[in-house]
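Below is one structure; the comments refer to it alone.
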Amino acid sequence: MNIDIDKKLYTLKYSPDTESHLKPDKEQCRLCKSKTCTYICPAKVYEWNEEKQELIVNYENCLECGACRIACERKSLDWQYPKGTKGVTFKQG
Amino acid sequence: MLKKENKTEVIVVGAGPSGVACAITLARAGKEVVLIERGLFSGSKNVFGGAIYTAATKEIFPNFEKEAPVERRNIEHNYLILGEQDSTNISYRKEDNASYSVIRGKFDRWAAEEAKKAGVYLVEETVVRDLIKEKNRVVGVRTELEEFYADVVVLADGVNSLLAKQIGLRSDIETKDVALSVKEVLSLDKDIINQRFHLKDDEGSIVEIFGGPMLGMLGLGFMYTNKDSVTIGLGVTLNELAQANYRPFELLEQLKQHPSVAPLIEGGVLKEYSAHLIPEGGYKKIPKLCDNGVLVVGDAAMLVNNLHWEGTNLAMISGKLAAETVIIALETEDFSKKSLSRYEDKLKQSFVLKDMKTYKDLFDVMHARKQAFLSYYLKKVNAFFEMFTSSDGIPKKDNYWKFIKSIFTDRSIIELFKDAFAILKLLWSILL
């Protein structure tokens, strides 16, 4: 199923920070087999770059739900809330 | 305003239903409260299904039905069992005002404003990063900018509660103890909503959805009607999403396309997409509820009744009971764990922990027997009605026997015994 997640995310108000509030341990990501974050994230924040063997983190799209932190099989994601003035704003919720 | 700089009587972290209920109860008793919210405004980081419950909400806001920005008064509950293409719906309707649909961005904001009016000092756009401990007691919080001190800190920081974890009130959440929920709010004309859901004026309808794209998983779908929008979403336990490699929004899309659901939302324009975790660990996974100088309330304390879909009411009442405990602690100047553990006693005496205890075994049984209860029997309900409504020239008696036989050929006798035993065990644990 091909879903345009960006179209859904356009409905949200974001105030992105200049640095990521999601900091995976890159060494652990290379060793991670499941890469659960790349499909469990409801905003598709995580993508695996096969060539660079690196996790790309589109933290600006984060919905701050926390699923990736709990689901990370290697428990190697430093997950913090964005700064008080940053991140997503839900108007409906 | 604060009497002393950076020191107050109580700090409440998080302006959701539990935090606001706690703060406003304290302020009404004349206590000095700082309520810290990380979002742009209270409600801006908050997501739920939909409903607030009248009895609990009235305990905090006696006139909310007149004053608060509510959407619709729920008069109908539907239990929709989806097969792959077919469905069975059980619908209960009664002129009622037991719950209301609300838009959290409006309701939580209103509630926080009410708290301000009652004297709560509300600090928005501020993240609490750490709790400050002195001599084995929580004495304040550290935000990005400064330190705030208090006699008691109440953690109402939601399902992820990094703070409760930080001070060892709980270990990290396991994937089977939370559901990841995604939802969409779809704009639809008020008259169209009323037609499609058989409503008039401010009446609302709740649809609880079993099966469909969630068949065989511990997951449920939901729909709520708002004034001029419809909410549709689903939540599935995180471990099952992880195992099955499902993208949550793909499941939601499948749900939206189901022939029994699609006509209800046809033409709806996406107003907002959102996601949130629901604490589903139940009674056995409730963290330590207090320690020296600190209390935990609402989602942060896993206070969700996952069978009845109740959360906001448990949150509000836990916030209120925490506040009542803190009022006594302030008056006796005793902020020890022992003094604050009155909160736990109060929760135990209220419906909050009584209900959670009632369903303490529910999730274990459902996890263990999900292929039976969340797949096979759901399909069988639809198969029964397919058989019962057919008129294809086959004598009815033959159909009945074929249906009964199918149960014994589909499932082994041992499995059937296990199913029956699980149900009996569950009923036993609920009723006794």
Requested in this report: Can you tell me the dipole magnitude for the protein assembly as shown around its Cα centre, using point charges on the Cβ only (Lys, Arg +1; Asp, Glu -1), in Debye to the nearest 20?
Outcome: 1020
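So if R0 is 30 Å, what FRET efficiency would B:SER91 and A:LYS7 give, r being the distance between their Cβ atoms, rounded to the nearest 0.05? If you can, show how the numbers build up before the last one.
Values: r = 33 Å, r/R0 = 1.11.
Efficiency computed from Cβ-Cβ geometry: 0.35.
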Report summary line: Once Lys and Arg are counted +1 and Asp and Glu -1 for all other residues with Cβ under 12 Å from that of B:LYS183, the total becomes +2
**Report entry** Rg [Å, one decimal], Dmax [Å, integer] - the protein assembly as shown, C-alpha atoms
**Finding:** 23.6, 85
**Report entry** Hz values of 3J(HN,Hα) by residue in the stretch B:107-118 - Karplus curve (6.51, -1.76, 1.60), Gly and Pro given as x
**Finding:** 5, 5, 5, 4, 4, 5, 5, 4, 4, 4, 4, 7
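In which sequence would B:GLU65, B:GLU124 go, from the one with the fewest C-beta neighbours within 10 Å to the one with the most? Mind showing how you got there, number by number?
Numbers: B:GLU65 14, B:GLU124 17.
Result, fewest neighbours first: B:GLU65, B:GLU124.
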**Report entry** About the Cα centre, charge dipole magnitude for the stretch B:362-431 (Lys/Arg +1, Asp/Glu -1 at Cβ), debye
**Finding:** 80
Query - Amide H partners (placed H, <5 Å) of B:LYS133, local residues excluded - result: B:VAL139
Report summary line: Rounded to whole angstroms and listed largest first, the alpha-carbon spread of the stretch A:5-84 along its three principal axes comes to 35, 25, 21
Requested in this report: Would you please name the GluC sites (Glu not before Pro) within the stretch B:323-432 that are DSSP coil residues with at most 14 other C-beta atoms within 10 Å of their C-beta?
Outcome: B:GLU333
Query - Note, ³J(HN,Hα) from phi for the stretch B:383-395, Karplus 6.51, -1.76, 1.60, rounded to Hz, x at Gly and Pro - result: 5, 4, 5, 4, 5, 5, 8, 6, 9, 10, x, 7, x
Query raised in the report: Given the convex hull of the Cα atoms of the stretch B:30-174, what is a quarter of its surface area in nm²?
Result: 12.5
Requested in this report: May I ask for the longest run of chain A untouched by GluC sites (Glu not before Pro) that are loop-located per DSSP and have at most 16 neighbouring C-beta atoms (other than their own) within 10 Å?
Outcome: A:20-49
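So how do B:HIS77, B:HIS276 line up by other beta-carbon neighbours within 10 Å, fewest first?
Working: B:HIS77 18, B:HIS276 29.
Ranked by crowding around the Cβ, least crowded first: B:HIS77, B:HIS276.
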Query raised in the report: Against the longest alpha carbon principal axis of chain B, how many degrees, from 0 to 90 and to the nearest 10, is the axis of helix B:17-28 turned?
Result: 40
Report task. Rounded to the nearest 0.05, what FRET efficiency do B:ARG28 and A:SER15 give with R0 = 45 Å and r taken as the Cβ-Cβ distance? Could you check? Result -> 0.85
Report summary line: Taking a ≥ b ≥ c as the square roots of the Cα gyration tensor eigenvalues, with a/c under 1.5 meaning rounded and otherwise prolate when a/b beats b/c or oblate if not, the stretch B:196-275 comes out prolate
Report summary line: Per DSSP, the loop-located GluC sites (Glu not before Pro) within the stretch B:185-269 having at most 16 other beta carbons within 10 Å are B:GLU266
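R0 = 45 Å: FRET efficiency of B:LYS354 with B:PHE403, Cβ-based, nearest 0.05? It would help to have the intermediate numbers written out before the result.
Values: r = 40 Å, r/R0 = 0.88.
With R0 = 45 Å, the Cβ-Cβ based efficiency is 0.70.
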Report summary line: Mean separation of Cα contacts under 8 Å (at least 6 apart) over the residue count of the stretch B:1-93, i.e. the relative contact order in percent, is 19
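Work out the length of the dipole vector of the stretch B:308-356 about its Cα centre, built from +1 on the beta-carbon of each Lys and Arg and -1 on the beta-carbon of each Asp and Glu, and round it to the nearest 20 debye. The partial results should precede the final answer.
On the way: 7 positive and 8 negative charges, 27 e Å.
That gives the stretch B:308-356 a dipole magnitude of about 140 debye.
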Report task. Check the straight Cα-Cα distances from B:LYS94 and name the lysines below 23 Å, setting aside those fewer than 8 residues away within the same chain. Result -> B:LYS58, B:LYS66, B:LYS190, B:LYS200, B:LYS227
**Report entry** Among B:ASN6, B:VAL236, B:PHE64 - extreme Cα towards positive end, dipole of the protein assembly as shown, charges at beta-carbon
**Finding:** B:VAL236
Requested in this report: Please work out whether the stretch B:186-321 counts as rounded, prolate or oblate from its C-alpha gyration tensor, where a ≥ b ≥ c are the square roots of the eigenvalues and a/c under 1.5 means rounded, while otherwise a/b larger than b/c means prolate and anything else oblate?
Outcome: oblate
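Past the 18 Å Cα-Cα mark, which pairs from B:LYS133/B:LYS348; B:LYS284/B:LYS354; A:LYS8/A:LYS44; B:LYS31/B:LYS165; A:LYS8/B:LYS176; A:LYS13/B:LYS256?
Working: B:LYS133/B:LYS348 28 Å; B:LYS284/B:LYS354 13 Å; A:LYS8/A:LYS44 11 Å; B:LYS31/B:LYS165 27 Å; A:LYS8/B:LYS176 27 Å; A:LYS13/B:LYS256 24 Å.
Exceeds cut-off: B:LYS133/B:LYS348; B:LYS31/B:LYS165; A:LYS8/B:LYS176; A:LYS13/B:LYS256.
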Report task. Would you mind checking the radius of gyration and Dmax of chain B based on alpha-carbon positions, in Å? Result -> 23.3, 85
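We did not get these values from a lab; they are worked out from the coordinates using the rules stated. Please read these numbers as outputs of a predicted model, since none were measured by experiment. A quick note on method: Cβ atoms are made from the backbone with ideal geometry, for glycine too, and the neighbour counts reach across all protein chains shown.
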